[in-house]
Amino acid sequence: MKQAATIKLFLVHGNPNGLRTAELSNWSGKAISAPRTEVIDLLKREELTNTGFYLLTGVSAESGEKAIYIGEAENVSNRLKNHASKDFWNAVTVFVSKDDNLTKAHIRYLEGKLILLANDVGSSVVMNSASSGSKLPESDAAEMDVFLEKCLQLLPVLGVSDFNQVLESQVSADNLLYCKIKGLIATGKRSANGFVVFSGSQAVLEDRKSSKTIKTKREELMAKGLLEVKGSCLVFNKDIEFGSPSTAGSIVRGGNTNGLISWKDSNGISLKDIEQNKT
């Protein structure tokens, strides 16, 4: 269980979705986040002349899925100016240290850890071509791991859910939903950010010819080792959270599907009917 935390959130222009800063009590780090429309104001901030790492978040034009780019720089402001040509991102979140104790090795270590984590979680397309990372002395690595844990605690508050770990595997059978096709079964449930398909779930091997976007997404999951060919089907190697029941169902079925209808409980009641009966 995570420890309770006090977050200080400052809305620079009074807009909850605009330029804002976030800090945790008794922590040396600081987050500054802004939509792309307010990047000019973001770049003017003194904190961004320091060493830090940043996350560009948006949507992949190719797949339509969430996308993220993770970078680091000794002068974040200068580096961000070089990303103006990247059209996928619509928001940026920067992390710096208030005591200026982050070194180049520290931020390369944090960048590498975040890239690996983003690929492992698999909820977004990672736009980085490769993981960088940096080796640190054992004591420094332990300190940076604590720093990273605080950053991950703040990110969802700032609207970045790309690193949310799926912690819902231990659920009652009454809460489980099933998507069945051609004798195959996938198991999942609603989550705070969409829909989770659990490890061990099965998916059809062949894609529908008309489903180019879903085919691309399935190929990405296979390339990451999250979906694996086993016999005559694909199998989920870990819990994966998707943005909606329909995306989850489409991955299972190899083509576009209405997840509210295709996911059903053990009694055959669709997710649509389950949710309508709750209202």
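The values are calculated or read from the model by the stated rules, or taken from the named source; none is laboratory data. Being a predicted model, the structure only gives us computed values, none of them experimental. Positions of Cβ are generated from backbone atoms using ideal geometry, with glycine treated the same way; all protein chains shown enter the neighbour counts.
Please go through the range 231-279 and pick out each residue that is part of a strand (DSSP E or B) and in contact (Cβ under 8 Å) with a residue 12 or more places away in the chain.
Cys233, Leu234, Val235, Phe236, Ile240, Glu241, Phe242, Lys264
Can you pull out every residue in the range 78-106 that is of a type outside the set (D, E, K, R) and under 15 Å from Arg36 (Cβ atoms)?
Leu80, Asn82, His83, Ala84, Ser85, Phe88, Trp89, Asn90, Ala91, Val92, Thr93, Val94, listed by residue number.
Which of the following residues is in contact with a strand residue (DSSP E or B) (Cβ under 9 Å, 6 or more places away or on another chain), among the hydroxyl-bearing types (Ser, Thr, Tyr), at pLDDT 90 or above and surrounded by fewer than 21 Cβ atoms within 10 Å (Cβ to Cβ): Ser60, Ser97, Ser132, Ser139?
That would be Ser97, the only listed residue that is in contact with a strand residue (DSSP E or B) (Cβ under 9 Å, 6 or more places away or on another chain), among the hydroxyl-bearing types (Ser, Thr, Tyr), at pLDDT 90 or above and surrounded by fewer than 21 Cβ atoms within 10 Å (Cβ to Cβ).
Which one is nearest to the chain's Cα centre (by Cα), of the residues in the range 119-129 that are buried (at least 20 other Cβ atoms within 10 Å of the Cβ) and of a type in the set (A, V, I, L, M, F, W, C)?
Val121
Run down Leu110, Leu116 and say which single residue is part of a helix (DSSP H, G or I), outside the structural domain of Leu227 (by TED's automatic domain parsing), surrounded by fewer than 22 Cβ atoms within 10 Å (Cβ to Cβ) and aliphatic (A, V, I, L, M).
Leu116
How about the range 105-120: which of its residues are free of Cβ contacts under 8 Å to residues at least 60 places away in the same chain and in contact with a strand residue (DSSP E or B) (Cβ under 8 Å, 6 or more places away or on another chain)?
The answer is Ile107, Arg108, Leu110, Glu111, Ile115, Ala118.
Determine whether Ile185 is aliphatic (A, V, I, L, M), at pLDDT 85 or above and touching a helix residue (DSSP H, G or I) at 6+ places or on another chain (Cβ under 8 Å).
Taking the combined requirement at face value, the residue does not satisfy it.
Sort through Ser244, Ser270, Ser211 and tell me the only one that's of a type in the set (Gly, Ala, Ser) and surrounded by fewer than 16 Cβ atoms within 10 Å (Cβ to Cβ).
It is Ser244.
Would you mind finding the one in Glu228, Glu206, Glu220 that is part of a loop (DSSP other than H, G, I, E, B), over 30 Å from Gly18 (Cβ atoms), outside the structural domain of Leu117 (by TED's automatic domain parsing) and among the acidic types (Asp, Glu)?
Going through Glu228, Glu206, Glu220 in turn, the sole match is Glu206.
Only one of (1) closer than 25 Å to Trp89 by Cβ; (2) surrounded by 14 or more Cβ atoms within 10 Å (Cβ to Cβ) is not met by Gly259, so which one is it?
Going through the list (1) closer than 25 Å to Trp89 by Cβ; (2) surrounded by 14 or more Cβ atoms within 10 Å (Cβ to Cβ), Gly259 breaks only (1).
Do we find that Ile107 is among the hydrophobic types (A, V, I, L, M, F, W, C), closer than 24 Å to Leu24 by Cβ and within 14 Å of the chain's Cα centre (by Cα) in this structure?
It is false that Ile107 is among the hydrophobic types (A, V, I, L, M, F, W, C), closer than 24 Å to Leu24 by Cβ and within 14 Å of the chain's Cα centre (by Cα).
Among the residues of the range 231-245, which ones are in contact with a Ser or Thr (Cβ under 9 Å, 6 or more places away or on another chain), of a type outside the set (A, V, I, L, M) and at pLDDT 95 or above?
Phe236
One residue is enough: does the range 204-223 have a residue meeting the conditions touching a Cys at 6+ places or on another chain (Cβ under 9 Å) and modelled with pLDDT of 90 or more?
yes
A quick yes/no check of all residues on (1) of a type in the set (A, V, I, L, M, F, W, C); (2) more than 21 Å from the chain's Cα centre (by Cα); (3) assigned by TED's automatic domain parsing to the domain that holds Val94:
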position: His13; (1), (2), (3): no, yes, yes
position: Pro16; (1), (2), (3): no, no, yes
position: Ala31; (1), (2), (3): yes, no, yes
position: Ile40; (1), (2), (3): yes, yes, yes
position: Arg45; (1), (2), (3): no, yes, yes
position: Gly52; (1), (2), (3): no, no, yes
position: Ala61; (1), (2), (3): yes, no, yes
position: Gly71; (1), (2), (3): no, no, yes
